[in-house]
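Trainee: To start, I am sharing the structure in question, which I have written as C-alpha cells.
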Amino acid sequence: RNNVVLSRRAVLEENMVIGGLVHRDFENVIQSYGDIVNTRRPGAFTPNRKGVNDDVTMQDVTSTNVAIPLNQHAEVTFMIRDVEQSYSFKDLVSLYLQEAVVAQARLIDQILLGQYSQFYSNFIGSPSGITSSTAKDLILDVRNKMNKNKAYVGGRNIIWAPNSETAVLKDESFTSAEKVGDGGSALQNANIGYKLGFSHFMGQNAPTIGAVTPSSA
C-alpha cells in the first residue's frame, strides 16, 4: 500500500494595507462601472466679531464636489478542465479561487497606491532618496507640510516601500528600547509603529524609484 503525502504549497503574496486606510464613507453607494460617485469637500466658514447688539453675518453653506469616476474594473478569470479536476486530490476550484482573489486584491492595492502622483504639489524629499540619516527629518517635514495644510492631526498614516522602511529602521531612534520606551518590541518585530504623529505601514506594492540625477530644461 502506497502512502501519499500532500503538502500545502505556500502562496507568496504581498501585504495589502491601503484598502483599510482610504476614505470609505461612500462605499455603500451602489453604482455601476463607468458611473461617477459624487463626493464632497465642505467649504470653510469665516468667523466675524460682533458687538452685543450687532446683527450676525449670515454665510452660505458651500461644498466642493469631488467626482470619483468608476473607471477601474479588475477581474481574474481561470478555467479548470474536467480532466484536470478528475486527477486532483484537492478541490481545484477552491484552491485557485483563493489565489484569484489575492491577484485581484493586488491590482486594487496597486491602483490605490498609484494615486500618489495626484498630490505631487505636496511633495517632500529630494532626488537622493531616503537614508537612515535623513528619514527622521523627512517624516518631520511631511508633518510640517500637513500641519500647514491644516490636515487632521489624528489618523495620519505613512506607507513605506520595503527599501524605504528598511532605511527608517536603520535609524536606532525608531527601534532603540531606551529611546522608544517600548521594552524592545520595535526592535524585536522590526516595526516602526506609531512615531512622530504617524502610524507607519510597510506596503510591498508601494511604487518606488531609486536615487536619480536631477535635470531641467
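Trainee: Given the criterion modelled with pLDDT of 85 or more, under 22 Å from the mean Cα position of the chain (by Cα) and aliphatic (A, V, I, L, M), identify the matching residue among 70, 112.
Mentor: Testing whether each residue is modelled with pLDDT of 85 or more, under 22 Å from the mean Cα position of the chain (by Cα) and aliphatic (A, V, I, L, M) leaves just 112.
Trainee: Counting just the residues of segment 14-38 that are at pLDDT below 80 and among the small types (Gly, Ala, Ser), which one comes out most open to solvent (accessible area, probe 1.4 Å)?
Mentor: 32
Trainee: Got a sec? Which of 114, 125, 129 is touching a residue at least 60 places away in the same chain (Cβ under 8 Å) and at positive phi?
Mentor: Testing whether each residue is touching a residue at least 60 places away in the same chain (Cβ under 8 Å) and at positive phi leaves just 129.
Trainee: Name the single residue that is modelled with the lowest pLDDT among those in segment 148-176 being open to solvent by less than 70 Å² (accessible area, probe 1.4 Å) and acidic (Asp, Glu).
Mentor: Among those that are open to solvent by less than 70 Å² (accessible area, probe 1.4 Å) and acidic (Asp, Glu), it is 171.
Trainee: So, one more: Condition test on residue 41, is it closer than 30 Å to residue 203 by Cα, of a type in the set (D, E, K, R), part of a strand (DSSP E or B) and open to solvent by 100 Å² or more (accessible area, probe 1.4 Å)?
Mentor: Considered against the rule, which asks whether it is closer than 30 Å to residue 203 by Cα, of a type in the set (D, E, K, R), part of a strand (DSSP E or B) and open to solvent by 100 Å² or more (accessible area, probe 1.4 Å), residue 41 comes out as yes.
Trainee: I'd like the full set of residues that are open to solvent by 70 Å² or more (accessible area, probe 1.4 Å) and more than 17 Å from the chain's Cα centre (by Cα), limited to segment 98-109.
Mentor: 98, 101 - these are the residues of segment 98-109 that are open to solvent by 70 Å² or more (accessible area, probe 1.4 Å) and more than 17 Å from the chain's Cα centre (by Cα).
Trainee: With 136, 145 as the choices, which residue is open to solvent by less than 70 Å² (accessible area, probe 1.4 Å) and modelled with pLDDT of 85 or more? Lay out the reasoning, then the answer.
Mentor: On the way: 136 fails: open to solvent by less than 70 Å² (accessible area, probe 1.4 Å).
Of 136, 145, the one residue that is open to solvent by less than 70 Å² (accessible area, probe 1.4 Å) and modelled with pLDDT of 85 or more is 145.
Trainee: Another question, then. Report, ordered by the first and then the second residue, all pairs with beta carbons closer than 8 Å, sequence separation of six or more or different chains, a first member in segment 145-159 that is under 18 Å from residue 116 (Cα atoms), and a second member that is open to solvent by 70 Å² or more (accessible area, probe 1.4 Å).
Mentor: Qualifying pairs under 8 Å: 156/143.
Trainee: Say we look at segment 49-74 and pick out the residues that are of a type in the set (Val, Ile, Thr) and free of Cβ contacts under 8 Å to residues at least 40 places away in the same chain; which of these is surrounded by the fewest Cβ atoms within 10 Å (Cβ to Cβ)? It would help to see each step written out before you state the result.
Mentor: Going through segment 49-74, the residues of a type in the set (Val, Ile, Thr) turn out to be 52, 56-57, 61-62, 64, 66, 68.
Filter once more, keeping what is free of Cβ contacts under 8 Å to residues at least 40 places away in the same chain: 52, 56-57, 61-62, 64, 66.
On the way: 52: 4, 56: 7, 57: 10, 61: 7, 62: 11, 64: 9, 66: 12.
Filtering first and then ranking leaves 52.
The values are calculated or read from the model by the stated rules, or taken from the named source; none is laboratory data. Note that this is a predicted model, so its numbers are computed, not measured. Every residue, glycine among them, receives a Cβ derived from its backbone with ideal geometry; neighbour counts consider all protein chains shown. Remember, those area values only see protein heavy atoms, side chains included, never the ligands or the DNA or RNA. Shrake-Rupley method; radii C 1.70, N 1.55, O 1.52, S 1.80 Å.
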